[in-house]
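A quick write-up on the structure given underneath.
Values in this text are rule-based calculations from the coordinates and carry no lab data. This one's a predicted model, so the numbers in the text were calculated from it and none came from an experiment. Here Cβ is always computed from backbone atoms with ideal geometry, including for glycine, and neighbour counts include all displayed protein chains.
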Amino acid sequence: MTDTYSFMKSSLDKLSIYSFDNTNIDIELQVYAQVLDELNNTLVEMLDECFCDSASSYGLSQRELVIGAVRDDLAIAQRRNMLKLRESIDKSSFTLEKIKASLESFGLTDYDLNEYPSQFTVVIYANGIYTSSQKAWIRKQVEKIMPAHLITYVIFNGPTWDESDSKNNTFEYIDSLDKTWEEIDNYE
C-alpha cells in the first residue's frame, strides 16, 4: 500500500509472531500506515510553510500579515521576494539602492524615483493601476521606511493617454455602464 505499510510489515515480519494474510493485524497496519502518511504529509507541509523559500500558502499569508496586507494578488515567487526584502530592512537600508529594493518589496515594479536634495524631498511616481486600499497601504509602508528628515510624496500614475485611447472608452460608452465614480476610476 505505502512505504510506511511496507516498513511496518517488514519490521514485524522479523519477529515471526504475526500472520499478515488478510488478517485483522494486516488491516490495522494498513489503517495505521494511512494515518501516519497523512500525519507525515501534514508535518512536511507545516515545515515547508515555516520558511519563506518553501512557503506557498498560509506561511506566506501569516508573514505578510506581520508586515502589512496579504498580497495574494501576486505570484508566489513575487510574494517570497517581497517578504525577503522587507525582512532584510535594517538601519543601513537608506541608500538609494536599498530604498529602491524596499519599494519593490511593496510590490512596486514600475516606478520613477526623483530626488530633490535641496528641498529634502523625494517623489515616487508609481505607474500602474492600484486600488484605493493598495495605494493607501503602499503610502503607509513608504512612510515607515523613508528617513524622517525627507518629505516623501507617492504619486500614482494611471494609464497613459495612449493606453486609454486604445480602449476606445468614449463618454457615451462609459456613461451607459451605469457605474459609480469609484467604479469608473478603477475600471479597466
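As a check on your grasp of the helix formula, calculate [θ] at 222 nm for the chain: sum -39500 (n - 2.57) over DSSP H runs of n ≥ 4, divide by the residue count, round to the nearest 500.
Numbers: 9 runs with 102 residues, N = 188.
Rounded to the nearest 500, it is -16500 deg cm²/dmol.
Just the Cα atoms of region 14-92: what Rg and Dmax do they give in Å?
21.3, 68
Within the set Lys84/Lys144; Lys140/Lys179; Lys140/Lys167, which residue pairs have Cα atoms separated by over 22 Å? It would help to have the intermediate numbers written out before the result.
Details: Lys84/Lys144 17 Å; Lys140/Lys179 29 Å; Lys140/Lys167 32 Å.
Cα-Cα > 22 Å for Lys140/Lys179; Lys140/Lys167; rest within.
Only bridges with both residues in the chain count here: give the DSSP antiparallel percent, nearest 5. Present the calculation step by step, with values, prior to reporting the outcome.
Values: 6 of 13 bridges.
Looking only at bridges with both residues in the chain, the antiparallel portion is about 45 percent.
Cross-link candidates for Lys9: which lysines have Cα within less than 26 Å, leaving aside residues fewer than 8 places away along the same chain?
Straight-distance partners of Lys9: none at all.
Helix 96-105 versus the longest principal axis of the chain: what angle, 0 to 90°, nearest 10, using Cα atoms?
Around 60 degrees separate the two axes.
Among Asn40, Gln134, Asn114, whose Cα sits farthest toward the positive end of the charge dipole of the chain (+1 at Cβ of Lys/Arg, -1 at Cβ of Asp/Glu, about the Cα centre)?
Most positive-ward Cα: Asn114.
Defining a contact as two alpha carbons under 8 Å apart and six or more residues distant in sequence, what relative contact order in percent does the chain show?
Working: 147 pairs, mean separation 23.1, N = 188.
Contact order relative to length: 12 percent.
What is the diffusion coefficient of region 1-133 in µm²/s, taking the Kirkwood radius over Cα pairs and the Stokes-Einstein relation at 25 °C with a viscosity of 0.890 mPa s? Please report the intermediate quantities before stating the final value.
Details: Rh = 19.3 Å.
In µm²/s, the coefficient is 127.
Suppose R0 equals 25 Å; then what is the FRET efficiency for Cys52 and Asp112 from their Cβ-Cβ distance, rounded to the nearest 0.05? Let's see the in-between values first.
Values: r = 29 Å, r/R0 = 1.15.
Efficiency computed from Cβ-Cβ geometry: 0.30.
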